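Here you go, one structure.
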Amino acid sequence: MGRESMAGPQETVPWWRRADWGALLVVLVVLASSAASLANGFAYDDVPIVEQNSQVTNLRWPWAYFRETYWSPPWGVALYRPLTILLFSVQWRVADWAAVTFHAMNITAYAAVALLVLRLARTLVRPVVALGVAVLWAAHPVHTEVVANVVGQSELWVALASLVAIDCWRRVAASGVLTPRRFGAILLCSAIALGAKESGVVLPALLMVLCWEHSGRAAPWGSGHPTAGLLLRAVGYVLVLYLGARYAILGTLGGDVAHSAVAHLTTGRRVSVALGLLVQDARLLMWPGPLRADYSPPSFAIHPTMGLVHVVTLTLGAAVLLAVRWLRRQRRELWPWLWGGLALLPTSNLLFPTGVVLAERSLFVPSIAAVIGVGQLVELVLDHYGARIGRGVRALVIGAVAGVTLQWSRASAERQPVWSDTPTLIASSAVDDPLNPRWQRVLGIQFLRMREYDRAEAHLRAAATLASGDFNVVFGLVRVLERQGRCAEALMWYARLLDEFPPTTRAHLGEIACQIRERRYRDARGSALRARAGGLEPEPFSILIALADSLLRATDSLGSSGVGERRVQVGGIGSPVIIEVDDSGRLTRRDLAADRVVRSAGRPAR
């Protein structure tokens, strides 16, 4: 009878009153902003990372992915994101090679993150403010790259794991009880964030900040609590295991190859660049536009020396400090503001040079902290001046939030097709940002693959003018010249390549090949000797030294006879090999032992 009396009042409440309409509105905003990406294919980094990556297309045992790098060997061996590759492999098998499944997963994860933002905001501010925070975040155009590009999924996993871990941590801190389920959830989320992307290292640091902040309050659980210390040590062990695995696979704890704009800057100049970029970070977070697929000099200005932009940075910093001080006086939680700073740190070039100057994807997690921080300030204003604010002003504010949400949703939806495929992305980026050397280089490489050498050379020379310090630009240009048979000109660029950049095997091999084609056999031998002495892989250069010696002997013995064809025997009597050199400098290798076998096999039986 008691159970029926308890159930009776609940049954009288209509379902539309029990439904979470705020969560539904957030999901609708997510769909309006990102559903257009379902028509996208694989674009740019999606191709080598997903579509053409044997690590993804071949499903294996899970632990196999933790022994490999993020980029497959043909593209380099930088970065370590085993969980992301594992999830891509599972999706590839489920998708049956269809890109739409990957994009559907991105949108689903994006919606889940937006709902967690709403859930977190509701614990910090009043429901109406939390809803405004969540819908603005869900519509933010700066998220387009992460959602529309398949490889942006790694950022989604980091954000998802971070929000779940924060929610569990705050519940434990509020209750003072660390249950095995929450303990395991926090450790699992830490492992997911670290395995998904390098920016996941922010989560362990954030958990320490949360613990420190709660220890300064009259909370039942803080850094002095024995279970808090246990959890922090466990998270630390997970971080150490990740760093150990990363070092074992990559041989370094660093990240990708440093961006050419910051690779050679001193520490002081990098600090100046990082401080100057904070203004651009704030602009993109608060008023996103114009957006680009890449932010690189000279089209995007950086400031290695102090100037006016740093005055603006100091002004913004002072405003943030005043806001934090106000929040602290009102005994509000400060960790969202600290989270925003920590999340910007890995790609800021402040501690060490990174592979990006500024990227929209690096603002994905910081944008969560930014909107929550703004929501906290709005909450304080309502607490102090809410009684003085009339209905008209409130309606005006709600209308402004709705208008910005609609505008941002439209901008996000219109930008999604930019990432539909590689040609569309390159063409759109080259039109939007013609002075960006990256897109000039990419266009040059694309035309090189299409064998349109004149157009390839034009774009690569433009890229070399805009970014003379980019190894890939110079190397792409020498490849174009080689394909056109202009080895004499290519050798001048090879000299610059080997003089200005760290020596690489492919650069030395290209130079030696050109020298052989130009019949500069003595120079080829010297280049091979220098490359081998420089610590590069010795085997190919030892072979080239022997080849150069053979060609030199052939030239010395037959060059004065007027014979158009030169040839020399290489190897012993048991394995005779003939190297033939014609007038055009082309080489032919003939194995006489194999030739005799073929002839004997074709001899008619007697």
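Quick check on TRP439: is it in contact (Cβ under 8 Å) with a residue 24 or more places away in the chain, farther than 24 Å from VAL129 by Cβ, assigned to a helix (DSSP H, G or I) and not assigned by TED's automatic domain parsing to the domain that holds ASP294?
Yes: the conditions hold for TRP439.
Only one of LEU241, LEU231, LEU316 is part of a helix (DSSP H, G or I), out of contact with any Ser or Thr (no Cβ under 9 Å at 6 or more places or on another chain) and crowded, with 18+ Cβ neighbours inside 10 Å. Can you tell me which?
Sole residue among the options that is part of a helix (DSSP H, G or I), out of contact with any Ser or Thr (no Cβ under 9 Å at 6 or more places or on another chain) and crowded, with 18+ Cβ neighbours inside 10 Å: LEU231.
What residue, of THR305, THR347, THR315, THR354, is in contact with a His (Cβ under 9 Å, 6 or more places away or on another chain) and either over 25 Å from LEU210 (Cβ atoms) or polar (S, T, N, Q) (or both)?
That would be THR354, the only listed residue that is in contact with a His (Cβ under 9 Å, 6 or more places away or on another chain) and either over 25 Å from LEU210 (Cβ atoms) or polar (S, T, N, Q) (or both).
Separate question: Name the single residue, out of those in segment 476-530 being free of Cβ contacts under 8 Å to residues at least 24 places away in the same chain and acidic (Asp, Glu), that is surrounded by the most Cβ atoms within 10 Å (Cβ to Cβ).
GLU511
Of the residues that sit in segment 444-473 and are touching a residue at least 60 places away in the same chain (Cβ under 8 Å) and assigned to a helix (DSSP H, G or I), which one is farthest from PRO297 (Cα to Cα)?
Residue satisfying both the conditions and the ranking: PHE471.
Residue by residue, here is whether (1) over 30 Å from the mean Cα position of the chain (by Cα); (2) in a helix (DSSP H, G or I); (3) in the same structural domain as ARG270 (by TED's automatic domain parsing) holds:
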residue	(1), (2), (3)
VAL320	no, yes, yes
VAL324	yes, yes, yes
ARG332	yes, no, yes
LEU338	no, yes, yes
GLY341	no, yes, yes
PRO346	no, no, yes
ASN349	no, no, yes
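Further question on the same structure: So which pairs qualify, if the first residue must be in segment 14-26 and closer than 17 Å to VAL401 by Cβ, the second must be at pLDDT 85 or above and small (Gly, Ala, Ser), the Cβ gap must be under 6 Å, and the two must be at least 6 apart or on different chains?
Pairs that qualify, where the first residue is closer than 17 Å to VAL401 by Cβ and the partner is at pLDDT 85 or above and small (Gly, Ala, Ser), are VAL26/ALA114; VAL26/ALA134; VAL26/ALA138.
Please work out which one of (1) over 23 Å from GLY355 (Cβ atoms); (2) part of a helix (DSSP H, G or I); (3) at pLDDT below 90 is the condition GLY289 fails and give its number.
Going through (1) over 23 Å from GLY355 (Cβ atoms); (2) part of a helix (DSSP H, G or I); (3) at pLDDT below 90 one by one, GLY289 breaks only (2).
Tell me, please, whether a residue that is among the aromatic types (Phe, Trp, Tyr) and surrounded by 24 or more Cβ atoms within 10 Å (Cβ to Cβ) can be found in segment 147-162.
no
So in segment 34-51, with the set limited to residues that are more than 17 Å from LEU79 (Cβ to Cβ) and not in a helix (DSSP H, G or I), which one is nearest to the chain's Cα centre (by Cα)?
Filtering first and then ranking leaves ALA43.
The values are calculated or read from the model by the stated rules, or taken from the named source; none is laboratory data. These figures come from a predicted structure and were not determined experimentally. Positions of Cβ are backbone-derived with ideal geometry, glycine not excepted, and every protein chain shown enters the neighbour counts.
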